[in-house]
């Protein structure tokens, strides 16, 4: 049996996907990559992400293609009795329903978890929400920039530089982290059901998810405060923590342990630093990490990027050149692993995609099972010619 024909780890799992944009769709794409049958329910207007440019054809934007493979698309108007009835019929034998529709709106449509689980006791319902539903923000709308702001992410530059203005991370970090978290939450709920026979409702709030993620290290000294106030992991926030310039580009050189710092200074001829307290004592180094990073930055100017890569490899110190996104298709490691794949889309022609990064020896994830669907492409296939 070839790898492409091996069953996915989630073969036989039916997921009804009522999500849009990136948060929910990334989660369901990941589950589809693992073999789940993901049925994407779209309004007659379609997922808004379909319209985001660039695109070759209307309603098939690149961002939509990048987060909706391995799904089938069904158009239902949930504002109508007929649309809701057809959805409920699909849910009768479904394993999971994931929704980014506000819970209050679902309840008005009688699509709340309690109602649906009475009709299908095996159904796991998942709410991909902006905020936890037990707090005062519950009904507020949430988008990536909004959550980056309220979570503290946008303010991190000011912890490094008091004069810096708040800024967004140049990627939809809140959406994507929420998607990854939702995917693992679904897997955990399925595992629980497998063990106990019990389905349950799962809530994944984007705000709390990103905030917990940030505070893994940035809770820092506040961990020990009577009233938490001493936030911010200093090593992440020193202004010198950035890629350093070489003779011909930029690189990240990252000695970390005492031994690595000693080897670094030995390799660059700074024997006077090998026994320095900043090298031999991690507590002293932590208090003076900015000064050490500044020394690395000054020394980095003396060699080319490749010379640094070669030298650091000989002394076993982590170092990598700074890549632009456009450099990645030619990165030797990504080329060797087949990370970028060009596939033939039935309506969009040749498009580039990336293969799932996680490898399973027995149940490989697949990027090429189903291309991202056209709006309503599978409505008749799933509902039948009369919609029922």
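Write down the radius of gyration of region 244-321 and its Dmax, each obtained from C-alpha positions, in Å.
In Å, with Rg to one decimal and Dmax whole: 11.7, 34.
Please give the length that would be gained between residue 311 and residue 79 if that part of the chain were fully extended, namely 0.36 nm times their separation in residues minus their C-alpha to C-alpha distance (nm, one decimal).
Extra length from residue 311 to residue 79 when fully extended: 77.1 nm.
Quick one: angle between helix 206-218 and the longest Cα principal axis of the chain, in degrees between 0 and 90, rounded to 10, please.
20 degrees
Which of the peptides 329-340, 253-264, 124-135 is most tightly packed, and how do the rest follow, going by the mean number of other Cβ atoms within 10 Å of each residue?
Output ranking for 329-340, 253-264, 124-135: 124-135, 253-264, 329-340.
For region 2-93, what class follows from the C-alpha gyration tensor (a ≥ b ≥ c being the square roots of its eigenvalues): rounded when a/c is under 1.5, otherwise prolate if a/b is larger than b/c, else oblate? Display every interim value, and only then the final one.
Values: a/c = 2.42, a/b = 1.09, b/c = 2.22.
Cα axes put region 2-93 in the oblate bin.
By how many nm would the segment from residue 320 to residue 382 grow when fully extended, if each residue of separation counts as 0.36 nm and the alpha-carbon distance is taken off? Let's see the in-between values first.
Numbers: separation 62, 0.36 × 62 = 22.32 nm, distance 4.87 nm.
Taking residue 320 through residue 382 to full extension adds about 17.5 nm, to one decimal.
Under a GNM of the chain (C-alpha, springs under 10 Å), which listed residue has the highest mean-square fluctuation: 311, 173, 190?
Checking each option, the largest mean-square fluctuation is seen for 311.
Using the basic label-point model (7 angstrom from Cα toward the beta carbon), what is the residue 118 to residue 92 distance in nanometres?
Computed distance between label sites residue 118 and residue 92 equals 1.7 nm.
With labels modelled as points extended 7 Å from the Cα through the Cβ direction, what inter-label distance (nm, one decimal) is found for residue 165 paired with residue 258?
Here the answer is 4.6 nm between the modelled labels.
With angles folded into 0 to 90 degrees, how steeply does helix 81-91 sit against the dominant principal axis of the chain? Use alpha carbons for both and round to 10.
Helix 81-91 and the main axis of the chain meet at about 60 degrees.
Is the chain best put as rounded, prolate or oblate by its Cα gyration tensor, with a ≥ b ≥ c the root eigenvalues, rounded for a/c under 1.5, and otherwise prolate when a/b is larger than b/c, oblate when not?
Since a/c reaches 1.5 and a/b is larger than b/c, the shape of the chain is classed as prolate.
Go ahead and set up a Gaussian network model of the chain, Cα springs under 10 Å, then flag whichever of 355, 88, 108 fluctuates most.
Looking only at 355, 88, 108, the largest GNM fluctuation is found for 108.
On a 0 to 90° scale, report how tilted helix 305-314 is relative to the longest principal axis of the chain, with both axes built from alpha carbons and the result rounded to the nearest 10.
Once rounded, one gets 80 degrees.
Determine the distance separating the Cα centre of region 270-288 from the Cα centre of region 20-69; give it in Å without decimals.
About 51 Å separates the Cα centre of region 270-288 from the one of region 20-69.
Place the peptides 348-354, 276-282, 92-98 in order of packing, highest mean first, counting for every residue the other Cβ atoms within 10 Å and averaging per peptide. Before the final figure, lay out each step's value.
On the way: 348-354: 13.6, 276-282: 16.0, 92-98: 20.3.
Averaged packing, sorted descending, gives the order 92-98, 276-282, 348-354.
At what distance in angstrom do the alpha carbon centres of region 101-116 and region 181-227 lie from each other?
22 Å
For the chain, modelled as a Gaussian network with Cα springs under 10 Å, which listed residue fluctuates most, 327, 112, 167?
In this elastic network of the chain, the residue with the biggest mean-square fluctuation among 327, 112, 167 is 327.
I need the peptides 141-154, 174-187, 359-372, 228-241 ranked by packing, meaning the mean over residues of other C-beta atoms within 10 angstrom, with the highest value on top.
Result, highest mean first: 174-187, 141-154, 359-372, 228-241.
State, to one decimal in nm, how far the label point of residue 223 lies from the label point of residue 282, with both points 7 Å from Cα in the Cβ direction.
In this crude label model, residue 223 to residue 282 measures out at 1.2 nm.
Taken together, the values in this text are just the output of simple stated rules run on the coordinates, not laboratory data. Quick caveat: nothing in here was measured; it's all calculated off a predicted structure. Quick reminder, even Gly has a Cβ in these numbers, built from the backbone with ideal geometry, and neighbours come from all protein chains shown.
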